[in-house]
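Just so you know, all these numbers are worked out from the coordinates, no wet-lab data involved. Predicted model, so just to flag it, every value in this text is computed and none were measured. All Cβ positions, even for glycine, are placed from backbone atoms using ideal geometry, and neighbour counts span all protein chains on display.
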Amino acid sequence: MLHYVTTNEGKVREAEEYLDEVRAVDFDYTEVQADDLGPIAARGAREAYAHVGDPVLVDDAGLFVDGFDGFPGPYSAYVEETLGVERVGDLARDRAEETGETPRAQFKCTIAYCDGEDFAATPDAVDYGDRRGHDLSADDRATASTTDSVVAGDVPVKLFEGRVRGRIVEPRGEGGFGYDPIFEHDGTTLAEMSAAEKNAISHRGRALATFAEFYAER
Ligand SMILES: O=c1[nH]c(=O)c2ncn([C@@H]3O[C@H](COP(=O)(O)OP(=O)(O)OP(=O)(O)O)[C@@H](O)[C@H]3O)c2[nH]1
């Protein structure tokens, strides 16, 4: 049985769309400080695997605002709790107004898989483009890739990363969670999309789709 290790129910709901048999485990693994998601998810997956003893997935995600050089990024959960989503949106739009640019950002999600075993060679990066058939600029594309995180002596971990680009807007919509109401992709905020629509273009959806392909062969 595959275990999705998270304290966030929103992540679990989205994962269930891709994975037939998945059990949510509410385990608060240590989040190391790093400026990208990969090392945080990889360390978390090793710790979670040691705790659970069965195959685990750990999902680390964040909002990377262009005008703030990627902040809040790995600190997104802390910033959501302290500043709040609306203020992050206000600050990002104020910043863009100062610089005369469009307030752009990307969501990234790294899923780390660990089952205690080694992995074969990884497939190439995948460009998913837009699943709704719209003609999008490079700025609005959704992509995914995989890497291995293998440090000598460590339990191997495989990483699946998904990204989606969009614009920061005034909050709209009731669905999703976290920063979804202020993140617009192709004219619609993630909070205005159904779960299926969000999954089709989202950072987590792209990472999960790539993982599901890999896991089917595992
Ligand atoms: O609008 C959003 N749409 C998403 O699809 C999404 N995915 C993550 N987030 C936000 O980014 C931070 C992740 O932090 P995070 O990966 O550390 O997770 P977390 O602390 O919520 O749970 P855990 O899995 O670590 O237990 C938190 O602020 C989340 O609200 C999202 N916001």
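For segment 52-93, give me the residue count where each residue is buried (at least 23 other Cβ atoms within 10 Å of the Cβ), among the acidic types (Asp, Glu) and touching an Asp or Glu at 6+ places or on another chain (Cβ under 8 Å).
Residues in segment 52-93 being buried (at least 23 other Cβ atoms within 10 Å of the Cβ), among the acidic types (Asp, Glu) and touching an Asp or Glu at 6+ places or on another chain (Cβ under 8 Å): 1 in total.
In segment 47-63, what residues are under 20 Å from Phe214 (Cα atoms) and more than 13 Å from the ligand (Cβ to nearest atom)?
Tyr49, Asp54, Pro55
Residues of segment 169-184 being within 17 Å of the chain's Cα centre (by Cα) and aliphatic (A, V, I, L, M), which ones?
Across segment 169-184, the qualifying residue is only Ile182.
Restricting the first residue to segment 58-78 and requiring it to be within 14 Å of Ala41 (Cα to Cα), which pairs with a second residue that is of a type in the set (Ser, Thr, Tyr) and within 8 Å of the ligand (Cβ to nearest atom) meet a Cβ separation below 6 Å and a spacing of at least six or different chains?
Close Cβ pairs (under 6 Å, with a partner that is of a type in the set (Ser, Thr, Tyr) and within 8 Å of the ligand (Cβ to nearest atom)) amount to Asp59/Thr6; Gly62/Ser76.
Can you tell me which residue in segment 33-46 is nearest to the ligand (Cβ to nearest atom), limited to those that are of a type in the set (D, E, K, R) and surrounded by fewer than 18 Cβ atoms within 10 Å (Cβ to Cβ)? Give the steps one after another, and end with the answer.
As a first pass, look at segment 33-46 and keep what is of a type in the set (D, E, K, R): 35-36, 43, 46.
Imposing the further condition that a residue be surrounded by fewer than 18 Cβ atoms within 10 Å (Cβ to Cβ) reduces the set to 35-36.
Details: Asp35: 14, Asp36: 12 Å.
By that ranking, first place goes to Asp36.
Can we say Tyr49 is surrounded by 17 or more Cβ atoms within 10 Å (Cβ to Cβ) and either without any contact (Cβ under 8 Å) to a residue 12 or more places away in the chain or not in a strand (DSSP E or B) (or both)? Before you say what the answer is, go through the steps one by one.
On the way: surrounded by 17 or more Cβ atoms within 10 Å (Cβ to Cβ): yes; either without any contact (Cβ under 8 Å) to a residue 12 or more places away in the chain or not in a strand (DSSP E or B) (or both): yes.
Yes: the conditions hold for Tyr49.
Return the residues of segment 49-88 that are among the aliphatic types (A, V, I, L, M), within 18 Å of the chain's Cα centre (by Cα) and farther than 14 Å from Ile182 by Cα; say none if nothing qualifies.
Val56, Leu57, Val58, Ala61, Ala77, Val79
What pairs come up if the first residue lies in segment 190-218 and is within 12 Å of Lys158 (Cβ to Cβ), the second is within 11 Å of the ligand (Cβ to nearest atom) and of a type in the set (A, V, I, L, M), and their beta carbons are under 7 Å apart, counting only those six or more places apart or on different chains?
From segment 190-218, the pairs are Ala207/Ile111; Phe211/Ile111.
Looking for something buried (at least 22 other Cβ atoms within 10 Å of the Cβ) and β-branched (Val, Ile, Thr) - is there at least one such residue anywhere in segment 13-32?
Scanning segment 13-32 turns up no residue that is buried (at least 22 other Cβ atoms within 10 Å of the Cβ) and β-branched (Val, Ile, Thr).
Within segment 167-181, take every residue that is within 12 Å of Arg87 (Cα to Cα) and assigned to a loop (DSSP other than H, G, I, E, B) and give me the one that is farthest from the ligand (Cβ to nearest atom).
Selected residue: Glu170.
Going through segment 1-25 one residue at a time, which ones are near the ligand (Cβ under 8 Å from one of its atoms) and part of a loop (DSSP other than H, G, I, E, B)? Quick ask: steps written out before the conclusion?
At the first step, the residues of segment 1-25 found to be near the ligand (Cβ under 8 Å from one of its atoms) are 5-8, 10-11, 14.
The answer is Thr6, Thr7, Asn8.
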